[in-house]
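The values are calculated or read from the model by the stated rules, or taken from the named source; none is laboratory data. This is a predicted model, so every value here is computed, not measured. Glycine also receives a Cβ, built like all others from the backbone with ideal geometry; neighbour counts cover every protein chain displayed.
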Amino acid sequence: MKTLIKNAILLDMVGETPNIRKTDILVNDKIIEKIESKIDENADEVIDAKEMIVMPGLVNTHTHLAMSIFRGYKDDRKLMDWLENAIFPVEDKLRPADIYWNSLLSCIELIKSGTTTFNDMYFRMDKTIEAVEKSGMRGVISWCITDDSIKDKPEMTRKYFNKYNYKDSKIKVYVSAHAPYSCNPETLKLCVDLAKELNTGIHIHLSETMDEEKTIRERYEQSATEYLNDVELFDVPVVLAHGIYISDSDLEIIKNIKGGISHNPISNCKLSSGICNVTKLRENGINVGIGTDGIGSTTTLDMFEEMKMAAYLQKVNTMEPTSINAYQILKMATIEGAKVLGLENEIGTIEVGKKADIILIDNNKTHLYPENDICANLVYSANGADVDTVIIDGKVVMRDRKILGIDEDEVKEKVDKIVKRLL
Ligand SMILES: [Zn+2]
């Protein structure tokens, strides 16, 4: 199967500064085979990308897909009140089929706003995997482990790791420890041992709120980062979601981690959690990607919204408009996000030999005109609805904004029933 993209305005996300050029791109099966100004070759499918910006698919480094039913549910509360009194009681009643439909709804939203890869943590991930396979997306999956919910999760992690850990698999299995405050040292050590055994990484929430830091200090007389360091969690690749309260001495610990931090700006704002000092983390050579967190806390999975918020927060946090620019934000949402997930050799840029995860953005829009700076337009003016076509692993999964192979109305009907039953 060959797909030829003609007349693209390519933003390849390769260099330290933007490289934008008119070109054709040939995809052979899953791989980008040629990028040349004119390619005349027979292809099974030809996509005319005239007036389209072509760039790598966005990478959402932290989310909980099955939480889609919580959009707008008991919003505007404090994190613990919201979790304990709104979310947890409903989560206890979720059935396996609910996880499938809720996750599929999120996959549709992600694809429709240009995300091709995500990193997810939840429970009943076997049902999320079914939804992800149906959607054609690429994802890192992990079974959320806490002190209260260990039971079969290490075994499920092992089982699905062995099932999906093959070359070219779109699904990668990580170990997930929920957070320092919900995992005691024994639980964390179990997660570290499991990750070492499987030669995979750990996905964990870290330093999301000031209360969390306080709790950990009261329990263990150290910071949350020091606590994770003591159980040797940083021996394996990690995705650290949030990373807001990282002190200078914490920074010394995480400077050399494999993986990186997932910055979730909208969730952090909406829950008044605080502002992650992305500028400082990046200055210290730490990979920082962007994530949405679950819909319950952000209300949207649109990475364009997250990119805007990420840029604004750094500018206002540092009171310095040069602290981060639009291209650096785009890098965080593509290649740097891929590095956080250990996928930088496969995705995150448009280069010959890489996997064909490609999005086409309709540039013929009044709000994207004139083109003084395409990167600035993408970060500060574009939104997810401008994404026209999405290719994942060489396969077109959305064309002219229509998702292929999924009946969107059916998914909404199914989710409607779940909402009526539970909320
Ligand atoms: Zn989260």
For Ser182, the lone unmet condition from (1) without any contact (Cβ under 8 Å) to a residue 40 or more places away in the chain; (2) farther than 21 Å from Asp235 by Cα; (3) among the hydroxyl-bearing types (Ser, Thr, Tyr) is (2)
Look through segment 244-255, keep the residues that are away from the ligand (no atom under 16 Å from the Cβ) and β-branched (Val, Ile, Thr), and return whichever of them is surrounded by the most Cβ atoms within 10 Å (Cβ to Cβ). Ile246
Report yes if some residue within segment 295-302 is modelled with pLDDT of 95 or more and more than 30 Å from Asp388 (Cβ to Cβ); otherwise report no. no
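Tell me, which residue of segment 189-207 that is buried (at least 24 other Cβ atoms within 10 Å of the Cβ) and out of contact with any Asp or Glu (no Cβ under 9 Å at 6 or more places or on another chain) is farthest from Arg158 (Cα to Cα)?
Step one: filter segment 189-207 for residues buried (at least 24 other Cβ atoms within 10 Å of the Cβ), giving 191, 195, 201-207.
Narrowing further to those that are out of contact with any Asp or Glu (no Cβ under 9 Å at 6 or more places or on another chain): 191, 201-202, 204.
On the way: Cys191: 11, Gly201: 13, Ile202: 13, Ile204: 18 Å.
Ranking the candidates gives Ile204 first.
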Only one of Leu360, Leu368, Leu330 is under 19 Å from Asn19 (Cα atoms), crowded, with 20+ Cβ neighbours inside 10 Å and assigned by TED's automatic domain parsing to the domain that holds Ile32, namely Leu360
In segment 139-158, anything of a type outside the set (A, V, I, L, M, F, W, C) and crowded, with 24+ Cβ neighbours inside 10 Å is listed as Gly139, Ser142, Thr157
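Working carefully through the options Leu233, Leu190, find the one that is more than 24 Å from Asp302 (Cα to Cα), without any contact (Cβ under 8 Å) to a residue 60 or more places away in the chain, touching a strand residue (DSSP E or B) at 6+ places or on another chain (Cβ under 7 Å) and away from the ligand (no atom under 16 Å from the Cβ). Please lay out each step first, then the result.
Details: Leu190 fails: touching a strand residue (DSSP E or B) at 6+ places or on another chain (Cβ under 7 Å).
One residue alone meets the criteria, Leu233.
Residues of segment 402-423 being of a type in the set (D, E, K, R) and out of contact with any helix residue (DSSP H, G or I) (no Cβ under 7 Å at 6 or more places or on another chain), which ones?
Filtering segment 402-423 for residues of a type in the set (D, E, K, R) gives 402, 407-410, 412-414, 416-417, 420-421.
Passing the criteria: Lys402, Asp407, Asp409, Glu410, Lys412, Glu413, Asp416, Lys417, Lys420, Arg421.
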Segment 159-187, residues that are assigned to a strand (DSSP E or B), in contact with a Leu (Cβ under 9 Å, 6 or more places away or on another chain) and away from the ligand (no atom under 16 Å from the Cβ): Lys172, Val173
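Please work out if Ile111 is closer than 19 Å to Thr334 by Cβ, modelled with pLDDT of 95 or more and not polar (S, T, N, Q).
Working: closer than 19 Å to Thr334 by Cβ: yes; modelled with pLDDT of 95 or more: yes; not polar (S, T, N, Q): yes.
When the stated conditions are applied, Ile111 passes them.
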Does Glu208 count as within 19 Å of the chain's Cα centre (by Cα) and of a type in the set (Asp, Glu)? yes
Assess whether Leu94 counts as being within 16 Å of the ligand (Cβ to nearest atom) and surrounded by fewer than 24 Cβ atoms within 10 Å (Cβ to Cβ). no
I need the full set of residues from segment 256-278 which are more than 14 Å from the ligand (Cβ to nearest atom), under 24 Å from Ile347 (Cα atoms) and either in a helix (DSSP H, G or I) or at pLDDT 95 or above (or both), in order please. Ile257, Lys258, Gly259, Gly260, Val278
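Within segment 100-131, which residues are among the β-branched types (Val, Ile, Thr) and buried (at least 24 other Cβ atoms within 10 Å of the Cβ)? Walk me through how you get there before you give the answer.
To start, the set of residues in segment 100-131 that are among the β-branched types (Val, Ile, Thr) comprises 108, 111, 115-117, 128-129.
Those that are among the β-branched types (Val, Ile, Thr) and buried (at least 24 other Cβ atoms within 10 Å of the Cβ): Ile111, Thr115, Thr116, Thr117, Thr128.
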